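Take a look at the structure set out below.
The values are calculated or read from the model by the stated rules, or taken from the named source; none is laboratory data. What you are looking at is a predicted structure, and each value in this text was computed from that prediction instead of being measured. Note that each Cβ is placed from the backbone with ideal geometry, even for glycine, and that neighbours are counted across all protein chains shown.
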Amino acid sequence: MSVQEKSIESNGVAFMDGKAESLSIQNPKTLSPLLNGEASTAELCGTSELEEATEGLSLGEPNAVQADQLWSTSRHRAVRLRMEASGPASETPMTVHQLFLETVEAHGDHPALVSKEGGRWVTLTWRQYYEQCRAAAKSFLKLGLERFHGVGILGFNSPEWFISDVGCIFAGGLATGIYTTNSPEACQYVAANSEANVLVVENQKQLDKVLQVKDHLPHLKAIVQYKGELQQKAPFLYTWAEFMKLGEEVPDEQLDAVIDSLRANECCTLIFTSGTTGNPKACMLSHDNLTWTVHRAASMLPLKPAEEVMVSYLPLSHVAAQLVDMWMGIHLAMTTYFAEPDALKGSLVNTLKDARPTCFVGVPRVWEKMQEKMKAVGAKSSRTRRKVATWAKSIGLRYTYSAMNGENQVPWGFMLANNLVFKKVRVALGLDRCKLCFTGAAPITKDTMDFFMSLNIPLLELYGMSESSCPHTISTDSYYRITSCGKVMPGCKTKLENPDEDGSGEICMWGRHVFMGYLDMPDLTAKAIDRDGWLHSGDLGRHDQNDFLYITGRIKELIITAGGENVPPVPIEDSVKSELPFVSNAMLVGDKLKFLSMLLTLKCAVDEAGGPTDQLGPEALLFCRQHNVAATKVSEIIASEEPAVYKAIQEGVERANARATSNAQKVQKWVILERDFSVGGGELGPTMKLRRPIVVKMYQEKIDELYAVAAGGQ
């Protein structure tokens, strides 16, 4: 039937006579007759309701929409959806509840969430997961959660995290993740900005942070701790078991009324930016941002409903982890295994071996750690094994590059290399069933990508931001290019503003994945979304002849030398690191200065908390052994200015300089720092992204020494 002939169910959005109308159609009892064509729009919603609901929804091309209707900075206000008359952007909007309900009806008995309790894996089915989300929603209502007020979630990934987030949305609140690495003051900032009525914390450690700032949170009504017993009693403190029982007396009808009132073009989630250049901003994401984006992303990938498995371990406060682990998981009825809290300190591989995921997302540092560990193991192997591995990797690199370019030429010996090396590596990593290995959230070096390509494990780059609900471009198993972030999602558009002679310009985005705005920050929202409705990323990029997107730098990260030359730091940093395998981090400095310098850290061992130690890591120790250096600590290398190490660094920098596009882009001086960068140290964000302004402040004295007139260069 045509759109003109019959209204089609949505999330509070139906199409009638070619126009989008907002309806309240959330309850499955109400949905059934409409889906079966047994009820008309008039029977479900009066004319006045339809007229009121039309506001905030639209059809048409970007230039046909008034920009001031596309965003909001108020938690209460809906936005105009960026819908089009046909194609992917014309899909009927839906709420998070409708997305979830579709999966429960189709795959209710399929495993949804798998977590370890007392050393054994415990499973929740999709129906059980849904019922627990409803129970949590009732408890939030019982605690007095107000519409469009926050529920802050502070803890490591777990079923309770998912249930709190979804339950909050069902109850009409704003789900708000808080990074576990946040200080008490940073937790207060997020909770206060979201006007959180409830905070859900993992354990006593996180509870202590909240208790320190509780008196400065006027909207806070209750705190729930989801792991362990409470070490103190207070009327506002609840264990998870107590919390889940609170709402038992709340009638289903009361919750259903709230669910029925949800609209696809209203805010349901706040994603706080990591605040690398100032206070975090709360990105407002609507139901449609989440549900439409996962539909579009999934349409590009070879993933099948109720057949996929993934592992949740990246911070759920970050948009990428949340969109993939939670919302893509719901859309495709994936089975999600939860890693242990010490996943990034070494236990992740154990979870991967148990779960054997079919798709896996890693930030660059995760892939780099895997690379380092495999290299360290390989260095201890016999000479014969090393020769076999080197031969196999050369075959693997030729094959994957051939496949990437669409030639699909299988080199002689590939099957033998696959059986001797590639399959065994995948099993050892727990990736033997993995169809898609993604990387994103920060730049990754070509060296790391080539390393995994040589093992027949192509790393597929994604590109996006919190403000685009995560992905804007996606690489897939059937089309990807090394160092490219893939192609734009169907229904979205890319514009490169003010391109230079090489075609590189600021990446601007359009689509239904573009966020609603920054909560209570109209000035910053106006800077992010221009008058025509385009989201400005602040990233520089270019397209190749096949429309693959390449990130070439970031406007705010550009170093402008005293001579006026614009220098993108990442390519130079990657070039130096590729020459020096024992270097962990390299950060270029020299903004408004006469020449470029670099801060370097050496690869080192980490302590139980994941922080860097003074002890050299395996690759650095291997270099020392090969060059007859007795030092085993970073401090020993620096104290003696170990000649072999310093000479190797200088030669590596010179080789990188030989590839520089101009003299102004050559590194003139460098210094080794006493410790590696880390999240705990403040140099890296939660997704291991370099926090450049903070690093500059931390090491300003070292930088000043590099540029002091009397200082000698290396």
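Within the option set M516, M489, being touching an Asp or Glu at 6+ places or on another chain (Cβ under 9 Å) and surrounded by 22 or more Cβ atoms within 10 Å (Cβ to Cβ) holds for one residue only, M516. Regarding region 451-472, can at least one residue be identified that is more than 30 Å from M489 (Cβ to Cβ) and part of a helix (DSSP H, G or I)? Checking region 451-472: not a single residue is more than 30 Å from M489 (Cβ to Cβ) and part of a helix (DSSP H, G or I).
Of all residues in region 500-558, those satisfying the criterion of being within 22 Å of H76 (Cα to Cα) and of a type in the set (A, V, I, L, M, F, W, C) are V514, F515, M516, L519, M521, L524, A526, A528, I529, L535. When G119 is tested against (1) touching a residue at least 12 places away in the same chain (Cβ under 8 Å); (2) out of contact with any Leu (no Cβ under 9 Å at 6 or more places or on another chain); (3) not assigned by TED's automatic domain parsing to the domain that holds A192, just one condition goes unmet, and that condition is (1). K669 fulfils the conditions (1) among the charged types (D, E, K, R); (2) assigned to a helix (DSSP H, G or I); (3) crowded, with 17+ Cβ neighbours inside 10 Å except for a single criterion, (2). With the requirement that a residue be part of a strand (DSSP E or B) and touching a residue at least 60 places away in the same chain (Cβ under 8 Å), what does region 190-228 give you? A222, V224 - these are the residues of region 190-228 that are part of a strand (DSSP E or B) and touching a residue at least 60 places away in the same chain (Cβ under 8 Å). Specify the residue that is nearest to the chain's Cα centre (by Cα); the eligible residues are those in region 683-705 that are free of Cβ contacts under 8 Å to residues at least 60 places away in the same chain and exposed (fewer than 15 other Cβ atoms within 10 Å of the Cβ). By that ranking, first place goes to K697. Considering every residue within region 518-527, establish whether at least one is modelled with pLDDT of 90 or more and in a strand (DSSP E or B). Scanning region 518-527, I find at least one residue that is modelled with pLDDT of 90 or more and in a strand (DSSP E or B), so the answer is yes. For region 436-450, the tally of residues that are touching a strand residue (DSSP E or B) at 6+ places or on another chain (Cβ under 8 Å) and either closer than 19 Å to F414 by Cβ or part of a strand (DSSP E or B) (or both) stands at 4. Here region 229-244 is the region considered, the condition is being without any contact (Cβ under 8 Å) to a residue 24 or more places away in the chain and part of a helix (DSSP H, G or I), and the residue that is surrounded by the fewest Cβ atoms within 10 Å (Cβ to Cβ) is A241.
For V589, the conditions (1) touching a residue at least 60 places away in the same chain (Cβ under 8 Å); (2) more than 15 Å from V695 (Cα to Cα); (3) β-branched (V, I, T) all hold with the exception of (2).
Given the options L496, L535, L540, name the one that is more than 22 Å from W292 (Cα to Cα), among the aliphatic types (A, V, I, L, M), at pLDDT 95 or above and surrounded by 15 or more Cβ atoms within 10 Å (Cβ to Cβ). If you could, list the steps in order and put the result at the bottom.
Details: L535 fails: more than 22 Å from W292 (Cα to Cα); L540 fails: at pLDDT 95 or above.
Sole residue among the options that is more than 22 Å from W292 (Cα to Cα), among the aliphatic types (A, V, I, L, M), at pLDDT 95 or above and surrounded by 15 or more Cβ atoms within 10 Å (Cβ to Cβ): L496.
Number of residues in region 385-405 that are over 29 Å from the mean Cα position of the chain (by Cα) and farther than 20 Å from K424 by Cβ: the value is 1. One residue is enough: does region 288-297 have a residue meeting the conditions of a type outside the set (D, E, K, R), more than 20 Å from N182 (Cβ to Cβ), without any contact (Cβ under 8 Å) to a residue 40 or more places away in the chain and surrounded by fewer than 24 Cβ atoms within 10 Å (Cβ to Cβ)? Scanning region 288-297 turns up no residue that is of a type outside the set (D, E, K, R), more than 20 Å from N182 (Cβ to Cβ), without any contact (Cβ under 8 Å) to a residue 40 or more places away in the chain and surrounded by fewer than 24 Cβ atoms within 10 Å (Cβ to Cβ).
Out of V634, V576, report the one residue that is more than 28 Å from the chain's Cα centre (by Cα), closer than 21 Å to M698 by Cβ and modelled with pLDDT of 90 or more. That would be V634, the only listed residue that is more than 28 Å from the chain's Cα centre (by Cα), closer than 21 Å to M698 by Cβ and modelled with pLDDT of 90 or more.
Given the options R398, R426, name the one that is in a helix (DSSP H, G or I), at pLDDT 90 or above, more than 28 Å from K353 (Cβ to Cβ) and basic (K, R). From the options R398, R426, the qualifying one is R398.
Examine region 77-84 for a residue that is closer than 15 Å to T336 by Cβ and either charged (D, E, K, R) or not in a loop (DSSP other than H, G, I, E, B) (or both), and state whether such a residue exists. Within region 77-84, not a single residue is closer than 15 Å to T336 by Cβ and either charged (D, E, K, R) or not in a loop (DSSP other than H, G, I, E, B) (or both).
In region 555-575, the count of residues that are farther than 20 Å from S662 by Cβ, surrounded by 16 or more Cβ atoms within 10 Å (Cβ to Cβ) and touching a Ser or Thr at 6+ places or on another chain (Cβ under 6 Å) is zero.
Which residue is nearest to the chain's Cα centre (by Cα), if the candidates are limited to region 166-185 and must be at pLDDT 95 or above and in a helix (DSSP H, G or I)? So the residue we want is V166.
Tell me, which strands (runs of 3 or more DSSP E) wholly within region 551-633 include 1 or more residues that are under 30 Å from L540 (Cα atoms)?
By residue number, 583-589, 596-602.
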